[in-house]
Every structure is written in structure tokens, then in C-alpha cells.
Amino acid sequence: MHSGNTLLSVRQLSIEFDRGDRTFEAVRGISLDVKAGSIVALIGESGSGKSVTAQAVFGLLERSGRVTAGEAWLGDVDLLTRKPGELRRIRGRDMAMIFQNPASCLNPAFTIGHQMIETIVHHRRVSRREARDIALVQLEQVGLAEPERLLRRYSFQISGGMCQRVMIALALVSGARLLIADEPTTALDVTIQAQILDELDRLRRERGIGILLITHDLGVVAELADFVYVMKEGEIVESGDVYDIFEQPKHPYTRELLDSRFLYERSMEESPSSDRRGNHAARNRRFIQDLRTSKEVVNQS
Amino acid sequence: MQIKQGMTLGLVGESGCGKTTLSKLLLGLEPATSGRVTFDGIDITGWSAGRMRPLRSRMQLVFQNSVATFDPLFTIERIVAEPLDNNGRLSVRERRRAVIEWLSLVDLDGQVLNRYPHELSGGQQQRVGIARALASRPELLVCDEPFSSQDFMHRKTMLQLLLRLKRQLNLTYLFITHDLSLVPELCDEVSVMHRGKVLETVKGDRIAADCNHPYTRELWNAVPALNPRDRKIRF
């Protein structure tokens, strides 16, 4: 399953952010690999550092953040040491990224066609006419009907699911081998989500694209991933084959994450373990008793 | 459709199917062109805002993005206290005490009283939104996609909080969501909407087994699997 060549190899990556006059270490020495034709999930709660990791690899860290240590190899290029101009070329050609909110990645002032053609002309040496043909093929390949008509439309005229497909088409026009997908379906309806997941799965199977999937949604991971890295507070606490992670999680945090799929397997009562919580519950009980009594008074009057 | 007292009714369907509009109709926030809405046996169809006011406190909304419904210049105390003032005058001290009690019920402590909405975390803001809704002593709580974009851990905590409150305060819930994954655990019954119509209503924990409509099946099949061995979407 995890058989292709290694596309992306992140080694001992650390990332720091300035917060006022202090610094905050968001990512501490993490390592991960993405192989061709595989989907690798990086999971954890919001704030665990998973998105920041993706941004650093893609060269999109905010100004207040910087990589303090580590390497990120895409083939034989260390992405972290490249100059911005060089990185821009690599981004178009070898790797692409899609985001949670696809509509905000498209410019509402230009048609879909204009933006796609611009991108294609920029990355491949082709005429606008040829670029248009490439765009049509790409849109069809991500399952969009009537691509001709779509090219004339604006991002605000199409649904979120269609926007995300346009983004995938746009991300792949230049033949990228690595796709970084940061919560690609979180903002979408479940039926549309299923279609996009299907699409990602097809890209991996048919084109051998390697996908780094950043998500907190364990359902998406269960459906799609081959390999899983679990991230907590800037560190990878566990990694493994998706079946091992779901069936034999070793780290308590992984177990906790997996438990969060269900509402009921633990006691729903307030845990009496600590005094503070005990007092809290007792106080709430008194308050509720008062509310009930006052309601009866109102009803009787 | 009917919501019986003390139950949780789920209302599911994709975006644009009319879930939110239907909930507004129920709350009298949107006029009906035909049909009737009754609340506790009272026909409220076509009631004006003024006429609805006395009933309004008995039905409250919890929003996906609570912070958008807060006045950013109000302290948390003032936000939660507003509905209290609608039900008669309280002294400053009584009012503060009541606000603290309501906040404590949603697991927030008194330290947030003098803070402003932007100073709180997203989770705390949602708790404040729930406390404010509860402070007008509703019987029916309409939750519109309350935690759908949050991570699992957070969503679980918040849903458990809502379930606890339901038990403690004898609430009735209308739960609007496009996420069917929690329906079996959360809802007594679920109504499936598609293009402005309720297609069917089934028992929450029987949604996979008892649904008759192909659209319900399609929705259910789109829910991601809980384990990699049960993958639904592949090939």
C-alpha cells in the first residue's frame, strides 16, 4: 500500500512564532514521509501544529513564523532553503495545495476561465488558446460537467463543492506530483464531501499523486488514508498504517481522538473525580432545583 | 412535522434544502404562505413580532457562529443578562448572581463576566451563546448547525454539554445539521429534507435500517466510515 517512491520527506522540522516579545514553538522536530500514490493523513486538534507544518513545507508561513530547524525534501530539493522565486516555480510545477475555503482562493473579479488560463500560461509555455483546451480537459477530469460554460462563470456563481473541484483542477494543471490538502472538505456538505474524497482517491490511484491530507475529521481519515501521523502540541505522538492506528492505537492521545467519534461510550455524568468538579455539579443541581420551583410558582399563579 | 416535548428531533439535508427556512417558520421569523404552525397547542401562524414576544422566550436559537450575534461592545455579563431583564427587573446583585449561575451551568466560571466576546476562545463564545439562550428559560431550543465545522474533540464536549442541559432543564431540541454521523446517538427522530420537502421521518438509531427514501440512503452512504475496514466511498 505504501509502496511508491518517497516524494516528500520532512526531517526534524521545528517552527517558531513571534507572539509579542515572546516566541512560541508551534512545531517541535517532526519528521514525516509521503510516498507517490499514497494518502498520508496528519491529524490532531486545532492548534496542534498540523496546518503550520503544511504551510512551512509549502512556503506559506506567516511573517511572524519561521522554520528554526529541519529539512523538507521534495525529490532532491530542500524546500526550506529555496529562494521565494525558485519556490514559486516549484509550487506550480511539482507540488500544489488546496484549502478549506476554496471560494476565498479564487478571485471574484475574474472568471474561472481567466484564472485557469493565467495559471496554465504562467507554468507551461503554451498559448492562451492551448491553455484553454488544457483547462477544459482538467475540469472534465475532476468531474465537472459543461466545462465550457464553467469557464465563463465567476467563483460566487458556483457552489462550494464546484469551487473545490476547480481548485483541484487548478492545482493539478501543471502536473504536480504532490498535493497538500488542508481540511479540503471541512466546509462542504456530506454528499459533496463524499464526491471530493472520491476525487482525491482517484488522483492517487490513476495518476500516482501523493497526498498529504491535513484534517481533524477521523471519518475522512478512515475513508481515505493509507498512513497516519497523529500530532499533539507540535509533536508527532504516534504514526502508523491506518488500520493499526484505528485498531491498535498505542498512545493515549490517539485513543482519545478515536473516542471522540462517539458520544456515548464514556459516562455522560459529571465525573466526581475532583472536588472542584463535584462542587460545581452540586451547585448546578441547586440552581436547577431553584429554577424548577420558580417555574411551578409561575404555573400556579 | 411534529416535535414532542422532551425529544430531540434532527432535521437533515444538504445546504439549500430549506432546513433553516423551516426552522425560521417554526419560530415565526418567516411568514408562511400556507399551512399552520402550532406551539404548545397555540396556533401561531402569521403572528406579528409583537404578538410573538411573550412566546419568544419559550423558544430560543443556538447559532453556528454565536459571536456574530453578540454586541462586541457588551461584556459577557451584559450579553447573558439581556434576556433576564426581559422577564422583570432585578437588582444589580441579583442579576450578577443569576448570570454567574447560568454561566456555571455551561461550565464557565465567573472570571469571564467582565470580558468582551473577542477575548474568549471559540468554545467559550459558544458556551456564552448557549447560556444566553437558556437565560430566557426556553422549552424549545433550535440548534442550527451548532458545531459542524469544529474538530471532533470539541464537538463531542459541546454535544455532551447540550445533552446534559437537556436532561437537567427538560428541554426539547430541534437539531439542524447536514452531518448525519451523529444522528443515531443524538436524535430520537430525524426528518430528512430535500428541495423544500420533508421526505420522511425515522427513528434516529434506525436511520440506516428503516429509511425508505433513496435520498435518505444516499445521504447516509455519504457519511464517512468510522473505521477503515468499513470504507464506503471506494471504487
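The values are calculated or read from the model by the stated rules, or taken from the named source; none is laboratory data. Fair warning: this is a prediction, and the values are worked out from it, not measured in the lab. Ideal geometry is used to build each Cβ from the backbone, glycine not excepted, and the neighbour counts take in all protein chains shown. Please note that ligands, DNA and RNA were not included when accessible areas were found on the heavy atoms of the full protein model with its side chains. Shrake-Rupley method; radii C 1.70, N 1.55, O 1.52, S 1.80 Å.
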### Task
For residues that are out of contact with any strand residue (DSSP E or B) (no Cβ under 8 Å at 6 or more places or on another chain) and of a type in the set (A, V, I, L, M, F, W, C), scanning just the stretch A:65-104, find the one that is farthest from residue A:150 (Cα to Cα).
A:77
### Message
Quick check on the stretch A:130-145. Is at least one of its residues touching a helix residue (DSSP H, G or I) at 6+ places or on another chain (Cβ under 6 Å), open to solvent by 10 Å² or more (accessible area, probe 1.4 Å) and β-branched (Val, Ile, Thr)?
### Response
yes
#### Entry: In the stretch A:156-170, residue nearest to the other protein chains (Cβ to nearest Cβ) [restricted to those that are assigned to a helix (DSSP H, G or I) and open to solvent by 10 Å² or more (accessible area, probe 1.4 Å)]
A:160
### Task
Pick out the one residue from A:88, A:63 that is under 22 Å from residue A:181 (Cβ atoms), open to solvent by 80 Å² or more (accessible area, probe 1.4 Å) and among the basic types (Lys, Arg).
A:88
### For residue B:63: the one exception among (1) aromatic (Phe, Trp, Tyr); (2) open to solvent by 30 Å² or more (accessible area, probe 1.4 Å); (3) more than 20 Å from residue B:29 (Cβ to Cβ)
(3)
### Message
Out of A:132, A:204, A:125, I need the residue that is among the basic types (Lys, Arg) and touching a strand residue (DSSP E or B) at 6+ places or on another chain (Cβ under 7 Å). Which one?
### Response
A:204
### Task
Would you be able to say whether some residue in the stretch B:129-145 is closer than 30 Å to residue A:228 by Cβ, within 14 Å of another protein chain (Cβ to nearest Cβ) and at pLDDT below 90?
yes
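Residue B:124: more than 30 Å from residue A:191 (Cα to Cα) and free of Cβ contacts under 8 Å to residues at least 24 places away in the same chain, yes or no?
Considered against the rule, which asks whether it is more than 30 Å from residue A:191 (Cα to Cα) and free of Cβ contacts under 8 Å to residues at least 24 places away in the same chain, residue B:124 comes out as yes.
Just checking: which of the helices (runs of 4 or more DSSP H) contained wholly in the stretch B:112-199 hold 3 or more residues that are open to solvent by 20 Å² or more (accessible area, probe 1.4 Å) and touching a Leu at 6+ places or on another chain (Cβ under 9 Å)?
Result: B:152-169.
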